[in-house]
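Peer 1: One structure follows; several queries about it will come next.
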Amino acid sequence: MKTTTLETVNITQLHRMEYEASPDVVVSAPGLVRLIGEHTTASDGIMLAFPLDRRVSIAVSLRRDSSIRFLAADLNERKRTNLSNLKYKREDRWANFIKAALSAYVGEVAGAKGYNITVSGDVPQSLGLGSATAIQCAAAKAAALAAGFDPSPADLARTIVETDRSYFDRQTRAANYIATLSASSGEFAFVDSLHGTSEPLASVFSGVRLMLTDSRVPRPPLDSEIRQRSDDCETGLALMNGSGSRRLRDYSIDELDEYMGLMPERVRRHCAFFVEEVQRVRECKEAAIHGDLASFAKILNKSQASLRNSYEISCPEIDWLVKRALEIDGVLASRMIGKGFGGCTLSILDDDAIEGYKARLDEYERIFGFKPNALEISVGAGMIAE
């Protein structure tokens, strides 16, 4: 069923102004807030996420020749190529995501023609809110529909993972793509990385406000730090498993303690975080099923403490934001969002806590020398395709 939104209307108008043609396909994908469990998905874990009320939209119309023209409306940038030249170019930046998606389907269509493409969005970048994932999902869905295909979310996620490998030469997991492609409007997504599935859950955020706060901490490249923690989890699993086939998610913290003497301290801490975080995700799922916001919020706070103490990916600025938020009456939870070592926090607040929360941010500027950016958000819609 087609759903028309303000975003799709706007990008349709932009596309017509640029190309003097109406789009044949319009696809919109949400940003993604990974509430809890994000750091377990690299090792077959589980997470709870929800679609952000900020989106990336892509409009596509068919051409009569083999040329491909791109417009990034928000940047006022234009790029050109053709069907025979879809290879990666560093200078093409955002257009590479779209070229990668096209490369997965162009070869499947006899006599394929070129495309006019417009992209626009308002997902904040570099904050762990899935801006790159949103453009990849929107581009993959648009490319598939333009080529005459309509793959399932699971199949489309697998295609994106494959293009990550073949086009960008990087190894990724499908969890974020599955969460985005399967997201339901106004609902949580319980994502199982091992089985590649996503289960919708009712949101528990009725009657509260959600505040994202960007710490504005400059972050170094994080891939090696995150990889080290994933490797530690695999090392710990190998020590416990021997020749067995259990996953780390299958172990309890009591079982992990039995192997404490075999593991280096850092490995034990990171494995303990993983095992406890998986249990917290399961508890959050149960709290969501029962509409228990109070329990849900307490679990998020426990997760943040573990991110700081066991997984060791917090930083003084994030710790300050979380601690000061939780000192305010009416703030139920505050937790880091994203890879870590900076980024943003998500705080869950009652209406009467908003002003007190914003006042605390003035203190942050006096202490750290720069002002954090606060943005109120809500649970958004899922994928939209026309």
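The values are calculated or read from the model by the stated rules, or taken from the named source; none is laboratory data. Small disclaimer: the values here were computed from a predicted structure and weren't measured. Every residue, glycine among them, receives a Cβ derived from its backbone with ideal geometry; neighbour counts consider all protein chains shown.
Peer 1: Residues in region 52-96 that are free of Cβ contacts under 8 Å to residues at least 40 places away in the same chain, crowded, with 19+ Cβ neighbours inside 10 Å and in a strand (DSSP E or B): how many?
Peer 2: 2
Peer 1: Next up: Consider region 119-145. How many of its residues are assigned to a helix (DSSP H, G or I), among the aliphatic types (A, V, I, L, M) and touching a residue at least 60 places away in the same chain (Cβ under 8 Å)?
Peer 2: Result for region 119-145: 7.
Peer 1: Another question, if that's okay. Which residue is nearest to Asn301 (Cα to Cα), if the candidates are limited to region 232-265 and must be charged (D, E, K, R) and in contact with a helix residue (DSSP H, G or I) (Cβ under 6 Å, 6 or more places away or on another chain)?
Peer 2: Within region 232-265, the match that is nearest to Asn301 (Cα to Cα) is Arg249.
Peer 1: May I ask you to verify whether Glu258 is surrounded by fewer than 17 Cβ atoms within 10 Å (Cβ to Cβ) and modelled with pLDDT under 95?
Peer 2: Here the answer is yes, as Glu258 does meet what is asked.
Peer 1: Take Arg173 and tell me if it is in contact (Cβ under 8 Å) with a residue 40 or more places away in the chain, charged (D, E, K, R) and farther than 30 Å from Leu262 by Cβ.
Peer 2: Spelling it out, it is not the case that Arg173 is in contact (Cβ under 8 Å) with a residue 40 or more places away in the chain, charged (D, E, K, R) and farther than 30 Å from Leu262 by Cβ.
Peer 1: I need the full set of residues from region 284-301 which are more than 21 Å from the chain's Cα centre (by Cα) and either assigned to a helix (DSSP H, G or I) or surrounded by 20 or more Cβ atoms within 10 Å (Cβ to Cβ) (or both), in order please.
Peer 2: Across region 284-301, the qualifying residues are Glu286, Ala287, Ile289, Leu293, Ala294, Ser295, Lys298.
Peer 1: Filter region 16-40 for residues that are assigned to a helix (DSSP H, G or I) and over 12 Å from the mean Cα position of the chain (by Cα); which is surrounded by the most Cβ atoms within 10 Å (Cβ to Cβ)?
Peer 2: Thr40
Peer 1: Could you go through region 105-118 and let me know if any residue there is farther than 26 Å from Ser66 by Cβ, over 16 Å from the mean Cα position of the chain (by Cα), of a type outside the set (Lys, Arg) and not in a helix (DSSP H, G or I).
Peer 2: No; the residues of region 105-118 include none that is farther than 26 Å from Ser66 by Cβ, over 16 Å from the mean Cα position of the chain (by Cα), of a type outside the set (Lys, Arg) and not in a helix (DSSP H, G or I).
Peer 1: Exactly one condition in (1) part of a helix (DSSP H, G or I); (2) among the hydrophobic types (A, V, I, L, M, F, W, C); (3) surrounded by fewer than 16 Cβ atoms within 10 Å (Cβ to Cβ) is false for Leu321; which is it?
Peer 2: Among (1) part of a helix (DSSP H, G or I); (2) among the hydrophobic types (A, V, I, L, M, F, W, C); (3) surrounded by fewer than 16 Cβ atoms within 10 Å (Cβ to Cβ), the lone unmet condition for Leu321 is (3).
Peer 1: Of all residues being among the hydroxyl-bearing types (Ser, Thr, Tyr) and in a strand (DSSP E or B) in region 175-209, which is surrounded by the fewest Cβ atoms within 10 Å (Cβ to Cβ)? Just the residue, please.
Peer 2: The residue in question is Thr197.
Peer 1: Let me ask you something else. Would you confirm whether any residue within region 151-168 is of a type outside the set (Ser, Thr, Tyr), surrounded by fewer than 19 Cβ atoms within 10 Å (Cβ to Cβ) and under 29 Å from Arg64 (Cβ atoms)?
Peer 2: Looking for residues that are of a type outside the set (Ser, Thr, Tyr), surrounded by fewer than 19 Cβ atoms within 10 Å (Cβ to Cβ) and under 29 Å from Arg64 (Cβ atoms), one finds at least one in region 151-168, hence yes.
Peer 1: Confirm whether Lys79 is at pLDDT below 95 and among the charged types (D, E, K, R).
Peer 2: No, not satisfied.
Peer 1: Go through Leu222, Leu248 for me and flag whichever is at pLDDT below 95 and either assigned by TED's automatic domain parsing to the domain that holds Cys271 or small (Gly, Ala, Ser) (or both).
Peer 2: Leu222
Peer 1: Looking only at residues in region 211-249 that are outside any loop (DSSP other than H, G, I, E, B) and among the basic types (Lys, Arg), which one is nearest to Tyr259 (Cα to Cα)?
Peer 2: Of everything passing the filter in region 211-249, Arg249 is nearest to Tyr259 (Cα to Cα).
Peer 1: Next up: Testing Ala142 on (1) buried (at least 24 other Cβ atoms within 10 Å of the Cβ); (2) under 16 Å from the mean Cα position of the chain (by Cα), one condition comes back false. Which one is that?
Peer 2: Condition not satisfied by Ala142: (2).
Peer 1: Something else: Considering only region 358-376, I want to know if a residue exists there that is surrounded by fewer than 17 Cβ atoms within 10 Å (Cβ to Cβ) and either among the hydroxyl-bearing types (Ser, Thr, Tyr) or touching a Cys at 6+ places or on another chain (Cβ under 9 Å) (or both).
Peer 2: Yes, that holds for at least one residue.
Peer 1: If Gly342 satisfies every condition in (1) touching a Pro at 6+ places or on another chain (Cβ under 9 Å); (2) more than 25 Å from Arg55 (Cβ to Cβ) but one, which is the exception?
Peer 2: For Gly342, the exception is condition (2).
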